[in-house]
1. Looking at the range B:168-176, can you tell me whether even one residue there is in contact (Cβ under 8 Å) with a residue 12 or more places away in the chain, surrounded by 21 or more Cβ atoms within 10 Å (Cβ to Cβ) and more than 14 Å from the ligand (Cβ to nearest atom)?
2. Given B:Val106, B:Val53, B:Val67, B:Val123, which one is within 16 Å of the ligand (Cβ to nearest atom) and touching a helix residue (DSSP H, G or I) at 6+ places or on another chain (Cβ under 6 Å)?
3. Can you name every residue in the range B:358-382 that is in contact with an Asp or Glu (Cβ under 9 Å, 6 or more places away or on another chain) and outside any helix (DSSP H, G or I)?
4. Out of the residues in the range B:355-370 that are of a type in the set (A, V, I, L, M, F, W, C) and within 14 Å of chain A (Cβ to nearest Cβ), which is nearest to the ligand (Cβ to nearest atom)?
5. Residues being in contact (Cβ under 8 Å) with a residue 40 or more places away in the chain and within 14 Å of chain A (Cβ to nearest Cβ): count how many of those fall in the range B:124-156.
6. Taking the range B:330-354 as the region of interest, how many residues are within 16 Å of the ligand (Cβ to nearest atom), over 20 Å from B:Ala89 (Cα atoms) and under 17 Å from the mean Cα position of the chain (by Cα)?
7. Output the residue which, of all residues in the range B:277-292 that are within 14 Å of the ligand (Cβ to nearest atom) and more than 14 Å from chain A (Cβ to nearest Cβ), is nearest to A:Lys52 (Cα to Cα).
Amino acid sequence: MADAVARLKEAVMNYEMETIADLAKQALKDGVDPLVAIEKGLAEGIKTVGEKFGRGEIFLPELVMGAEAMKAALAVLEPAVPKGKHRSTAGKVLIGTVQDDIHEIGKNLVSTMLASNGFEVVDLGVNVSGSDFLKKADEQKANIVAMSALMTTTMPRMAEVITPLKKKSKAVKVMVGGAPVTDTYAKEIGADGYSGDASSAVEVAKRLVR
Amino acid sequence: MAYGIKRGVRFQILSESDLDRIHWGTLHVLEKVGVQVDSVACRKLLKDNGCDVDEKTRIVRVPSHLVEWALEKKKSSITLAGRNPKYDAKLDLNHSYMTANGNGAVAVDFETGKRRPSMKKDVVNSSRIIDYLQNVHIHWPMVSSTDQHPSTMHLHDLDASMNNTEKHIMYETGVTISDAKSLTEMGYIAAGGEKEFRQRPVQSCLQCTYAPLQHDAGVMDASLYFAEMGVPLVFFGMPQPGATGPATLVGSLVVGNAEVLSALTMTQLHAPGAAVIYGMGNAPLDMRTTIRAGGSPEHALSSAMATELAHHYGMPSCVGVSATAKQPGDQAILEYYTGCAGPLLAGADLMCGIGLLEDSSCLFYEQIVIDNEIVGVISRLIRGEWADDVTLALDVIEKVGVGKNYLAQKHTVQHLRSGDHFMPELIDRRSFDSWSADGSKSLVDKARDKTKWILANHKVPALDSDTQAKVNAVIEKAKKPMWGGETKRA
Ligand code: B12
């Protein structure tokens, strides 16, 4: 059993995107607790990959492949988690690029970095309307709503979400980012956190859910 | 002397057969993979002309013959006119023109050195600097007027530019039909009417395609409008090798080419003969820092190869140049030198552009002046050399003879005057003693001095009050509450 969990961890660290789902299926068949497989296997694996990326030992595509491998195994293991139990995550993040804005690369990187640091990430894509952000935040019971805007003309869209969101719930935190966004601007519109790159986005998210 | 940079030297990266393979590869991608077209109007246009359109995925497969048809309709020679005709840039595949970089959102205050959101006064000042400098030929509003109402920022950018340079203005802010309408109206006003604008377009618009293999609805709807109204367009692909395009530069060129050619096809179907410039700026994503590597050798090479491809099609090119440096100085110079040298050596027609740092995000006024010098140096490198009676100078060699010098020769003076020897303004060639006596200034210090001088001394004739009133009216009309309900998505 311990072997199967270690093997899953290794599979994330080796970016075994194509074959990891079979490993996960086999682990379930062998009676491995899916929660243990996720927390001690996948999460540990991706953490190691994330640390290597942080130290500059591996390149971004390797980090992304690690995250993809984790996702593939999660798709098998999560449905097997008994009802009422939940995998422990660092928190749930809802992320998207705001309406009228289609820049997605930065947003995708932030998603990947958050996922590889134990967050559960729901990615709404690009050109996400304010009402969609609000609806999904409610549905998904997200701890954090994260918004990306890359243009001066679409930055104000973030404020459009924050005001009603905060009115509805004090608990949900908001973080924002994207090239033209600054710390000052983030504060001005009432966001709880801002970061200029994907690695510090993780620190900010961790601080917000603490 | 003709406006622009004369090109006498050209280096070649791709062979004719490489270019053919890229072209056939692109047609294959367009037929087999297709492109996602979010604009309803564009999908209809393509469907009516025999494309295979999937309304659910919005993916359109474009047959080769249609692309080849569009390539025949394109214009090979386009003139981007200046408010002052001495600044007319003739894109004739034989001259190169440098443009300013555009649309950053941050500026470092020239007085206080503080990094802050950009303002309309930054557009005013940078426009005057561009107007003055000799080696920057086409203007872009370099930053956004973020101190103006969000719905009219881009119009204020254009207003500030129109008033502070007589050079041609290219913008990239026409991303909805209503933006396109206001911008076009301002262009017509600047030219003195629609007919005048169509004859001498004093403004043009650059539009980005959406890598990989997509076209934004608002951008394409606006593009069709611009094409119809006679506003020249650049379609600018920008897959990032390794991220939104294959890691190989040629692979990313195929992706970008498929985007540009499909945009060209839609435009020519809608407005046959429209002026379209071939654009591309493929800078890789730096895989350690996750920053787009503007100014990298790969960026320069991609821009150079895109130029070769554009010329293969008989189209003028507009290719990307930028830098990731955070402040003016050594890194910015290294990146801009690399970025400009690649495409200029390959014969790029337009390069966008110089003067912004942090990969087209942050404006330092003095960087514009530094980049002007960089372009000057490279212009000399590519001017070309030739052997004729004048350059061989056999008569002078005979006259001077053995063991004397050429200082007191008319031939020497003539060729200094004609630009045979590049005369730097910022590069300091003085002796150590005179340099240190003059304050041991760095190149950046000297650029700041020159910037100060330009701002204090260079005047640009403003628009007359009649024209200005019309411009103001357009801006006033466009002002709307931010969430007025216009969405670009179909
Ligand atoms: C690549 C690019 C594009 C690509 C995007 C492809 C894609 N699939 O995403 C394409 C070609 C489609 C494109 C289109 C356009 N673009 Co563009 N684009 C860029 C460019 C060069 C790089 C963006 C990028 O991907 N950077 C790399 C990523 C990794 O960095 P990042 O996005 O900044 O994200 C990092 C941080 O900001 C942060 N972050 C990001 N999001 C978030 C969110 C949270 C919550 C947190 C905490 C952190 C965070 O972490 C990220 C990772 O480190 C920028 C200039 C620039 N250097 O920023 C212009 C830029 C953003 N674009 C610009 C413009 C104008 C456009 C167009 C309007 C052009 C046109 N006329 O067609 C269209 C937009 C259409 C639309 N409706 O959105 C302007 C905006 C100007 C302004 N003042 O607002 C810019 C600044 C360029 C310029 N100076 O002109 N663009």
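1. yes
2. On the way: B:Val106 fails: touching a helix residue (DSSP H, G or I) at 6+ places or on another chain (Cβ under 6 Å); B:Val53 fails: within 16 Å of the ligand (Cβ to nearest atom); B:Val67 fails: within 16 Å of the ligand (Cβ to nearest atom).
One residue alone meets the criteria, B:Val123.
3. If the condition is that a residue be in contact with an Asp or Glu (Cβ under 9 Å, 6 or more places away or on another chain) and outside any helix (DSSP H, G or I), then B:Leu363 is the only one that fits.
4. Looking only at the range B:355-370, we keep the residues that are of a type in the set (A, V, I, L, M, F, W, C), and these are B:356-357, B:362-364, B:368-370.
From what is left, the residues that are within 14 Å of chain A (Cβ to nearest Cβ) are B:356-357, B:362-363.
Values: B:Leu356: 7, B:Leu357: 10, B:Cys362: 9, B:Leu363: 10 Å.
Among those residues, the one meeting the criterion is B:Leu356.
5. Residues of the range B:124-156 in contact (Cβ under 8 Å) with a residue 40 or more places away in the chain: B:124-140, B:142-144, B:146, B:149-152, B:155-156.
Filter once more, so that each one left must be within 14 Å of chain A (Cβ to nearest Cβ): B:142-144, B:146, B:149-152, B:155-156.
The number of residues fulfilling the criteria is 10.
6. First, pick out the residues of the range B:330-354 that are within 16 Å of the ligand (Cβ to nearest atom): B:331-332, B:335-336, B:339, B:350-354.
Pick out the ones that are also over 20 Å from B:Ala89 (Cα atoms) and you get B:331-332, B:335-336, B:339.
Filter once more, keeping what is under 17 Å from the mean Cα position of the chain (by Cα): B:335-336, B:339.
Final tally of qualifying residues: 3.
7. At the first step, the residues of the range B:277-292 found to be within 14 Å of the ligand (Cβ to nearest atom) are B:277, B:279-292.
Narrowing the set further to residues that are more than 14 Å from chain A (Cβ to nearest Cβ) leaves B:277, B:279-281.
Details: B:Ile277: 44, B:Gly279: 38, B:Met280: 34, B:Gly281: 31 Å.
Checked the range B:277-292; the qualifying residue nearest to A:Lys52 (Cα to Cα) is B:Gly281.
Each row is one residue, and each column tells you yes or no for (1) basic (Lys, Arg); (2) over 11 Å from A:Leu8 (Cβ atoms); (3) part of a helix (DSSP H, G or I).
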position: A:Val32; (1), (2), (3): no, no, no
position: A:Leu35; (1), (2), (3): no, yes, yes
position: A:Glu39; (1), (2), (3): no, no, yes
position: A:Gly45; (1), (2), (3): no, no, yes
position: A:Gly50; (1), (2), (3): no, yes, yes
position: A:Glu57; (1), (2), (3): no, yes, no
position: A:Ala69; (1), (2), (3): no, no, yes
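The values are calculated or read from the model by the stated rules, or taken from the named source; none is laboratory data. Please read all numbers here as calculations on a predicted model, not as lab measurements. Backbone-built Cβ (ideal geometry, glycine too); neighbour counts: all protein chains shown.
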